[in-house]
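K.L.:
Just dropping this structure here.
The values are calculated or read from the model by the stated rules, or taken from the named source; none is laboratory data. Predicted model only: the values in this text are computed from it and were never measured. All Cβ positions, even for glycine, are placed from backbone atoms using ideal geometry, and neighbour counts span all protein chains on display.
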Amino acid sequence: MANALRLFLVAIYTVVLGLPAIAASPFDREARALRVLGRVWVRWILRTFRIRVEVSGLENLPLHTPALFLSNHQSLVDIAAIIDSLPPSVSWRFVAKKELVRVPVFGWCLVATGQIIIDRGNRAKAVHSLQRAAERIRGGASVIVFPEGTRSAGGSLRPFKSGPFHLAVAAQVPIIPVTVSGSQRITPKGSLVVHPGTVRIRFGKPIPTRHVSLEQRNELKTRVRAAIAEGYDTALQGPPVIEPAPEAHVAEPSASPPDSPSA
């Protein structure tokens with residue numbers, strides 16, 4: 001009952017804050033209203049479910065230039081925790097799967113505020129969406145992507161999709177590796193029950209992409225995956241199980257220690 005009541009409150013928050021964001025979007029080219037209302041929205045949700053977010057690595061963030069944030073994905077709360085962690089000066093968009101557009105108010109807000117919508121069942125449309133994302137980045141907006149493509153089960157680190165690295169090469173902006181720890185036990189995959197707890201967000205050092213060619217994308221993928229795996233907080237969860245890439249097991253790092261919108 002308590003969980004159902006909290007989910008009902010989230011629906012109210014979405015209407016109360018989402019409709020003003022939609023109304024402001026035609027006049028908000030720099031997405032200032034989105035950042036303010038979005039931050040309030042995620043903080044209300046996190047407090048309602050008694051989720052504490054702890055952050056490290058803020059010194060690694062470029063505050064006034066765009067970047068591509070690539071994160072592991074364990075839980076429905078990942079995107080909220082990341083948005084809550086970002087400084088107000090960071091202009092952000094995130095990559096969302098097409099199915100989320102059908103959610104009343106929330107989906108309308110995704111479209112109106114210029115989030116990057118991906119049709120994962122149509123490769124040509126997905127590529128076009130990533131091209132638009134590169135244009136947004138070059139225009140000054142940072143983009144948040146989950147390169148695993150979907151939430152992992154049990155906190156493992158799944159193989160990365162190639163799309164985000166095509167995007168990184170096209171945009172020629174730094175990649176910020178983001179590690180989310182502790183969220184998997186807050187909302188396990190396949191469950192809508194949200195448990196209270198702590199999520200830790202670690203922003204790693206920027207990984208440059210300038211002068212990186214498309215032919216080097218697999219090397220870039222390996223480097224980013226290792227950086228994310230290295231950032232796991234083993235006080236909150238065990239070391240990540242690094243799932244090998246199906247095409248080349250040796251190509252993935254043997255590192256030691258978000259469905260929310262995803263690419």
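K.L.:
How do the pairs read when you match residues in segment 45-60 that are closer than 29 Å to Leu7 by Cα with residues anywhere that are polar (S, T, N, Q) and not in a helix (DSSP H, G or I), using Cβ under 8 Å and keeping only pairs 6 or more apart or on different chains?
P.N.:
Note: pairs meeting the criteria are Ile51/Thr198; Arg52/Thr198; Val53/Thr198; Glu54/Thr198.
K.L.:
If you don't mind, another one. Inside segment 186-243, can you point out the residues that are in contact with a helix residue (DSSP H, G or I) (Cβ under 8 Å, 6 or more places away or on another chain), charged (D, E, K, R) and assigned to a loop (DSSP other than H, G, I, E, B)?
P.N.:
Lys205
K.L.:
Spot the failing condition for Pro261; the list is (1) within 30 Å of Leu110 (Cβ to Cβ); (2) modelled with pLDDT of 80 or more; (3) in a loop (DSSP other than H, G, I, E, B), and only one is missed.
P.N.:
(2)
K.L.:
Something else now. Might you check whether a residue that is farther than 30 Å from Arg210 by Cα and β-branched (Val, Ile, Thr) occurs anywhere in segment 56-77?
P.N.:
Taking every residue of segment 56-77 in turn, at least one turns out to be farther than 30 Å from Arg210 by Cα and β-branched (Val, Ile, Thr).
K.L.:
For a quick check of your reading: which helices (runs of 4 or more DSSP H) sit entirely within segment 1-100 and have at least 2 residues that are crowded, with 20+ Cβ neighbours inside 10 Å, among the basic types (Lys, Arg) and at pLDDT below 90?
P.N.:
Here the list is empty.
K.L.:
Looking at Ser152, Ser213, Ser181, which one is crowded, with 19+ Cβ neighbours inside 10 Å, under 29 Å from Ala134 (Cβ atoms) and among the polar types (S, T, N, Q)?
P.N.:
Ser152
K.L.:
Here's another thing I want to ask about it. Residues in segment 198-221 that are more than 15 Å from Asn72 (Cβ to Cβ) and either touching a Gly at 6+ places or on another chain (Cβ under 7 Å) or of a type in the set (Ser, Thr, Tyr) (or both): how many?
P.N.:
Result for segment 198-221: 3.
K.L.:
Would you please name the residue that is surrounded by the fewest Cβ atoms within 10 Å (Cβ to Cβ), looking only at residues in segment 106-149 that are under 21 Å from Leu86 (Cβ atoms) and among the basic types (Lys, Arg)?
P.N.:
Arg138
K.L.:
Return yes or no: is Pro159 farther than 26 Å from Pro196 by Cβ and assigned to a loop (DSSP other than H, G, I, E, B)?
P.N.:
Criteria met by Pro159.
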